[in-house]
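J.: Below: one structure in structure tokens.
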Amino acid sequence: MSVVLLTGINTAMTGMLEDHFHSKTTEALIANSMTELSLRLRSKRQLFFLLAAASFLCFLYIINIRVLVFPSFSLTCNTSFPSLHRSYDVWPDFHIKVFDHETFKQECVPHGEYTISGIPDLLPAWSRSHNSHCRELYDKFTCIYAVEKRQGTVKIPDSFVLKVKDWLGNNNELYQELYKQNIIHVTNMYTRETTVFNPLRDKRPVTKPKESEEDYLVRITRESAINCDFCKYKNYTAEHEFGRLESDLSFSASNIFMLDRLHAVITIKDHDPVNWSYEQYMDMMQLTNTWLDRAFQNEPTAKFPAIIWDLLPKSGSSQLHPHNQVFLSPTRYQGMVEAWRRAAQDYFSDQHSNYFTDLITIYSALGLAVPYKSAVALASLTPRKDNEVVIIAPEAGDDFFQLIYYVLRGFMDDLKKFSFSLGGGYPAMDKDDKVGRIPAFVRIITRGVTTEIRTDISALELFTATNVNIDPYKVVRSIQESLRKRSPR
């Protein structure tokens, strides 16, 4: 294009623009050119054409300098990182494939300690197994996880000994463990999550709060009910354009400060944050599904559902009244859910297998999975915080919801861990969409002592790795005990 323009004004600009790219400055070039040209050209049309041509050449000159000086700047997206830009594939169908733990112990690793501290020591024997199924499992495990045991030692001055022993309840055995601490680093190579375990920290005695958690819960439940908006939801909650959904025990509302176009709160009608029944809970979760169906019908381009639930102020909940929050997004899942979906895609690209299926097989072999009907609970090897349980099922149906209920009531009623956070995603609403299709999954963590002012999230969790000191094998036993108590036989 620039060649055509130069040809058209060749006579007028002869001798003026030959050294265009060697002039002192672009500004000087334009000024000198315009002065001479205005004297030589009398026609307004010629002058206009010349001004346009010079401006265009100036633009080309500037762009050329920009590309030379800043070659990394580009008008198009840099696709040199294919994992960030490639589309999703259709993965093999998700199935719950359980590998019997007792068989694993007999055939794969006959001798070993099944604790978080013992897993690093299991790996060498596991890798040498002559059983082909065991070696296949080992390859899958080491493909997903990197596990390291590091030993920490300390020097304690005499002046500090009594205080340290007091912290440990004057337990001499625990005190001796300080001099030889096993620190376990577990990294999921696909989700890029790292958890650091120091089991000694979980053995420290717990100081009882001045106000018992039970008394605290009674007090804040009573006080918060006076001005609770959710207790008067018809007057003090918003609705979506397609209206409010309501059942006998639950109702929907639009989050007044929305985080997506379709962002709802699904709420149990009763105010009590901790003493909700199985019937109330199931009604809330079923109404959540009904709301997702209605929202999808209203906006078919929004098809990626995610759910969160924080209980009590300790978890960050702004309302004491029990409620979950649900999102339906148009282009991808939100945050962590999409990160797990991407991890599953990367795993498929490497292994040509379903990430979630293989995850369950690995966990069951290690004795960290608890199946329940069409769902399964996993005691996470890379928990975000204490007692993390991952619950997975093909769909977000009754089996999935029931297993979540048993885990939550186990935390609250058996372990007295009243505050929790839950989050995850469901399969895409379009059932014909098989591309990058995840199963239903949620992650649940407990949030510490409800009366404690100190938060359980620090810079460590926000910016580096997560520190969790509760052994996943301890978590799996609590799941098993809750199912034994609560699930129908």
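J.: Where a ≥ b ≥ c are the square roots of the eigenvalues of the C-alpha gyration tensor, would you call segment 432-489 rounded, which needs a/c under 1.5, or, failing that, prolate if a/b is larger than b/c, or oblate?
T.: Here segment 432-489 falls in the oblate category.
J.: May I ask you to give the solvent-accessible area per residue for segment 343-400, in square angstrom, as obtained with a 1.4 angstrom probe? If you can, show how the numbers build up before the last one.
T.: Working: 1350 Å² over 58 residues.
Normalised by residue count, the accessible surface of segment 343-400 is 23 Å².
J.: Compute the orientation-averaged projected area for segment 272-316 from the convex hull of its Cα atoms and round it to one decimal in nm².
T.: 4.1 nm²
J.: Taking all protein chains in place and a 1.4 Å probe, what share, in percent, of the accessible surface of segment 344-459 do carbon and sulfur account for?
T.: 50 percent
J.: Rounded, prolate or oblate, given the Cα gyration tensor of segment 181-329, with a/c below 1.5 counting as rounded?
T.: The shape class here is oblate.
J.: Related question: When only alpha-carbon atoms are used, what values of Rg and Dmax, in angstrom, describe segment 121-203?
T.: When restricted to Cα atoms, segment 121-203 yields Rg and Dmax of 17.9, 56 Å.
J.: Sticking with this one: Using packing as a proxy for protection, rank 374-384, 452-462 so that the peptide with the highest average count of other Cβ atoms within 10 Å comes first.
T.: 374-384, 452-462
J.: While we're on this one: Give me the accessible area per residue for segment 143-226, probe 1.4 Å, as a whole number in Å².
T.: Value returned for segment 143-226: 67 Å² of accessible area per residue.
J.: For segment 196-310, what's the relative contact order in percent, using C-alpha pairs closer than 8 Å and at least 6 residues apart?
T.: It rounds to 19 percent for segment 196-310.
J.: Going by amide H atoms built from the backbone, whose H comes under 5 Å of the H on His263, apart from near neighbours?
T.: Asn255
J.: Per-residue counts of other Cβ atoms within 10 Å, averaged by peptide: what ranking do you get for 303-316, 249-262, highest first?
T.: 303-316, 249-262
J.: Rounded to a whole number, what % of the accessible area of segment 129-193 do carbon and sulfur atoms account for, probe 1.4 Å?
T.: Here it works out to 49 percent.
J.: Probe of 1.4 angstrom, ligands and nucleic acids ignored: what's the accessible area per residue over segment 229-299, in square angstrom?
T.: Details: 3520 Å² over 71 residues.
Computed with neighbouring chains in place, this is 50 Å² per residue.
J.: Here's a follow-up. Name the residues whose placed amide hydrogens come within less than 5 Å of the amide hydrogen of His95, ignoring near sequence neighbours (fewer than 5 apart) on the same chain.
T.: Under 5 Å from the amide H of His95 lie the amide H atoms of Thr357, each far enough along the sequence or on another chain.
J.: Please list 3J(HN,Hα) in residue order for segment 178-185, calculated via the Karplus relation 6.51 cos²θ - 1.76 cosθ + 1.60 where θ = phi - 60°; whole Hz, with x for glycine and proline.
T.: Couplings: 4, 7, 8, 8, 8, 10, 10, 9 Hz.
J.: Sorted by mean Cβ packing within 10 Å, highest first, what order do the peptides 211-222, 119-130, 278-289, 361-372 take?
T.: Answer by packing, highest mean first, reads 361-372, 278-289, 119-130, 211-222.
J.: Once a ≥ b ≥ c are taken as the square roots of the eigenvalues of the Cα gyration tensor of segment 158-214, is the result rounded (a/c under 1.5), prolate (a/b larger than b/c) or oblate (a/b not larger than b/c)? Walk me through the intermediate numbers first.
T.: Numbers: a/c = 3.45, a/b = 1.40, b/c = 2.46.
Verdict is oblate for segment 158-214.
J.: Can you list the lysines whose alpha carbon is less than 21 Å from that of Lys485, not counting same-chain residues fewer than 8 positions off?
T.: The reachable lysines, counting only those whose Cα sits under 21 Å from Lys485, are Lys373, Lys416, Lys417, Lys474.
The values are calculated or read from the model by the stated rules, or taken from the named source; none is laboratory data. In this text, all values refer to a predicted model and were calculated from it rather than measured experimentally. A quick note on method: Cβ atoms are made from the backbone with ideal geometry, for glycine too, and the neighbour counts reach across all protein chains shown. The accessibility values were calculated without ligands, DNA or RNA, using every heavy atom of the protein model including side chains. Shrake-Rupley method; radii C 1.70, N 1.55, O 1.52, S 1.80 Å.
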